[in-house]
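Below is one structure; the comments refer to it alone.
All of the numbers you see were taken from the coordinates with simple rules; none came from a lab. This one's a predicted model, so the numbers in the text were calculated from it and none came from an experiment. In this analysis, Cβ positions are derived from the backbone assuming ideal geometry, glycine residues included, and neighbour counts consider all displayed protein chains.
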Amino acid sequence: MKQLLRFGIWAGVAVAVLVGLVEAALWLFAPVGTRVSHRFEFDNELPGLKERVSFVVDGKSLRSWKSGGPDAGGAGREVNILVLGGGASVALLQNDEDTWWGQLGAALQQEFPTARFRVSALFRDNCSALEGAKWAEVNLAQTKPDVVIALFGFEDVVGHDGTYTYAPGRLATVALETNPRSPFKQFLVQSSQICRRIVNRGQTRGLTATLGPLGARNAYARRLAEQRQIYASLPLAYEVDRPEGRDPVAEYLDGLRALASTCQQHGAALAVIGEPTVHRGLMDGGAERLVHRWFILDPAKGNAGVVRLDSGWLELQLSRYYAAAEKLCGPLQVPFLDPTRKMPAHPAVFMDDLMLTDAGARTLAQLVLPAVTPLVEARLQR
């Protein structure tokens, strides 16, 4: 028995030494780096966008723009701004500095030259207010933002099919793939080259599955063209019946209410912005050809239950949502802004239902700036 125990101890020591030597060799000759992240790269031939786009998404599904250092951003306090939103903030085909939130960061840098700024945006497409609130509930303690900007709306209208039924307390059941690892697993990933390689391979496989053929040159333009062709062939629905008990606006407000509570709990200021979209009763410059987002009216009918929604109805619904949000934000002393009608429904501003051109992003950044500036100023005066 003693001999067996001695053998086990020496075997354990040998394994530990071997693992240590392997890890040391990896650190010296093939380091992975401390951050588990993905780099997205696209080639564009779409008007209003850069031809080459490259950006990094970190392990918390965040993209970031930050001041360029003391010469560019002063040596003062860094203000951490977090943007939660859907397609308008994902900005898949823009570099960080060209997104609306990146341009907002640059504008804030000009307003407060002695401070430094970091603006991070959640990289989560088709994200509703409730999902954004869940992400904040899970991650805000670690991200520690000074200011949170919530820009939701479009997905909260079109992301729920025609048979949707409101379920109070749904926030507790929302599951996100961005949930953090356990402390022990996080320690292993941060300290072990082997664990990082395993995690990186898994994330790379997931990224490849998500992008599919989008890595090819100008692939997104072709994808948009295909989706718009399908969209044009669908029957038109002028409205969706949303009686009491089946109206998603209540869930949208639940998300904003929960987000406000989480921000207050973690000492972050909150601004709520209505997500602008190209959908209007009247569009300019052929903007109606930009849209491609269809709607599942009746899931039981399969493809026969898919329609395209009237843009005028979508505009009215978003106006209703934003009016309700403004009413909610008032007593909470949370600034609210709806920039939709100040964003022209034109191809020079939008490139699809939500995504902005570089010029459109600049317009939105300037519209959001007055709502965020007082929050930043209050943080800097503390």
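Data overview
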| read-out | value |
| --- | --- |
| Residue-count net charge about V249 - beta-carbon cut-off 12 Å; Lys, Arg +1, Asp, Glu -1 | -1 |
| Calculated diffusion of segment 304-382, Stokes-Einstein form, Kirkwood radius summed over Cα pairs, 10 °C and 1.306 mPa s, µm²/s | 106 |
| Inter-centroid distance (Cα atoms) of segment 217-249 relative to segment 260-309, Å | 10 |
| Shape of segment 40-148, Cα gyration tensor, a/c cut at 1.5 | oblate |
| Most to least packed among 333-345, 146-158, 91-103 [average Cβ atoms within 10 Å] | 146-158, 91-103, 333-345 |
| Sorted by Cβ density within 10 Å, fewest first, the residues R257, R308 | R257, R308 |
| Count of lysine pairs in segment 43-152 with Cα separation under 21 Å (8 or more residues apart, or interchain) | 5 |
| Ranking of K66, K144 by count of other Cβ atoms within 10 Å, fewest first | K144, K66 |
